[in-house]
Amino acid sequence: MATTKAKAGLNNEGSPYRETNVSRTEASSPALSAGGAAPLSVANNSRTYSLDDFDTVATVGTGTFGRVFLVKDKKTRGFFALKAMKIPDVIRLKQEQHVHNEKEVLTEVNHPFLITLFWTHHDERFLYMLMDYVPGGELFSYLRSRGRFSNSTGIFYSAEIVCAIEYLHSKEIVYRDLKPENILLDGEGHIRLTDFGFAKKLSDRTWTLCGTPEYLAPEVIQSKGHGRAVDWWALGVLIFEMLAGYPPFFDDNPFGIYQKILAGKLEFPRHLDFYVKDLIKKFLVIDRARRLGNMKNGAEDVKKHRWFKSVDWEAVPNRRLKPPIIPKVSHEGDTSNFDTYPEDEWKKDTPVPPKDLEIFKNF
């Protein structure tokens with residue numbers, strides 16, 4: 001049983017798809033992304049889209065100020081995820097920088113385990129991001145239905161995530177929002193990281209308090225300035241949650257969670273493999289200078305850990321490992337792996353005044 005999690009809309013920097021203080025099982029779905037197709041980034045996509053190119057099929061995710069639609073391209077009959085964000089709410093919740101960060105990061109990345117951004121646009125009411133649609137649903141749904149994953153299943157997902165984090169860090173990008181809700185499965189069962197609202201290009205360190213309480217590294221809570229090490233801490237939390245069925249630090253309120261994180265006391269369930277316990281301990285080190293993944297050899301140290309001894313690291317980014325879970329997907333536009341949402345009168349919003357639109361003129 002996955003434990004209820006409080007959500008952080010912290011320091012006015014809540015994510016577009018995060019609610020404050022709702023349980024994880026009720027939390028809104030993040031922006032979605034595609035199955036199988038090779039990623040194509042904005043930078044190398046020659047086609048210019050318009051909203052008229054698409055028919056809306058269904059809503060597949062909702063959040064504080066956004067909604068994700070499954071849309072069908074009228075020309076190619078292909079499916080995409082269209083994330084629409086209400087500009088007045090983005091401004092009210094002081095999310096302008098996060099929205100720009102998300103676009104900047106996604107425009108720069110091109111990797112088989114990351115969502116792909118094809119096009120951005122805005123009108124007088126909404127910001128739009130066109131991304132690939134990933135029909136398999138969230139890893140969180142599979143974890144919740146199974147209770148916990150086997151050791152070998154945990155190794156598969158962790159290996160693909162290690163490659164995704166290594167790639168982001170090679171581009172000086174810190175992801176900052178690793179958790180089961182932000183990991184989608186494509187039609188074949190491989191991962192795609194989604195929801196880059198907290199991702200940031202790092203010149204040095206950053207001080208923003210953002211993320212989900214259970215996954216925050218100590219240096220984020222203590223406002224010491226943080227960098228890439230936070231993603232390795234979050235991977236330690238994620239591996240623990242995948243194999244135990246609950247996160248290592250949890251409480252009824254965020255401040256109780258923070259206290260437990262800073263105390264750093266780990267209690268492992270008895271069934272956990274010896275090597276995975278060792279790996280988790282090396283990720284959940286308070287001193288980030290000694291945290292696995294954040295030392296001189298970076299991700300190479302992670303890959304060489306004994307828990308991953310069965311992994312062919314050359315095969316991982318080529319999607320040659322056999323996925324342990326194959327989602328039930330009947331066709332490219334299948335929405336059955338996502339929750340259903342009422343198609344309400346969401347679009348009836350007043351236009352934003354021109355001075356507010358200035359902030360998004362390059363979006």
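Values quoted throughout were computed directly from the atomic coordinates according to the rules given, and no laboratory measurement underlies them. Everything numeric here is computed off the predicted structure, so don't read it as measured data. No Cβ is skipped: glycine too gets one built from the backbone with ideal geometry, and neighbour counts run over all protein chains shown.
The length gained by stretching the chain between Ile286 and Thr340 to full extension, at 0.36 nm per residue less their Cα-Cα distance, is 15.4 nm.
Any aspartates and glutamates with Cα under 12 Å of the Lys355 Cα? List them, leaving off those in the same chain fewer than 8 positions away. Of all the aspartates and glutamates, those that pass the test against Lys355 - Cα under 12 Å, at least 8 places apart if same chain - are Glu124.
Its residue count N sets the reference 2.2 N^0.38 Å, and the alpha-carbon radius of gyration of region 58-97 equals 1.42 times that reference.
Here region 46-188 is treated as an ellipsoid with the same Cα gyration tensor; its semi-axes, largest first and in whole Å, are 27, 19, 16. Within straight-line reach of Lys309, meaning a Cα separation under 20 Å, sit the following lysines at least 8 residues removed in sequence or on another chain: Lys277, Lys281, Lys282, Lys322. The alpha-carbon of Lys201 sits under 12 angstrom from the alpha-carbons of these aspartates and glutamates, leaving out residues fewer than 8 places away in its chain: Glu102, Glu104, Glu108, Glu172.
Can you tell me the convex hull volume per residue for region 139-308, based on C-alpha atoms, in Å³ to the nearest whole number?
Convex hull of Cα atoms, per residue: 114 Å³.
Between Ala263 and Lys224, the modelled labels are 1.9 nm apart [label points 7 Å from Cα along Cα→Cβ]. Label-to-label distance for Asn151 and Arg270 is 1.6 nm, based on points extended 7 Å past Cα in the beta-carbon direction.
Given +1 at the Cβ of Lys and Arg, -1 at the Cβ of Asp and Glu and no other charges, the dipole of region 263-363 around its Cα centre is 980 debye to the nearest 20.
The distance between label points at Phe255 and Glu124 comes to 4.5 nm (points 7 Å beyond Cα on the Cα→Cβ vector). Here the gap between Asn318 and Lys296, fully extended at 0.36 nm per residue and compared with their Cα-Cα distance, gives a gain of 5.3 nm. Pairs exceeding 22 Å between alpha-carbon atoms, taken from Lys179/Lys260; Lys224/Lys303; Lys72/Lys94: Lys224/Lys303; Lys72/Lys94.
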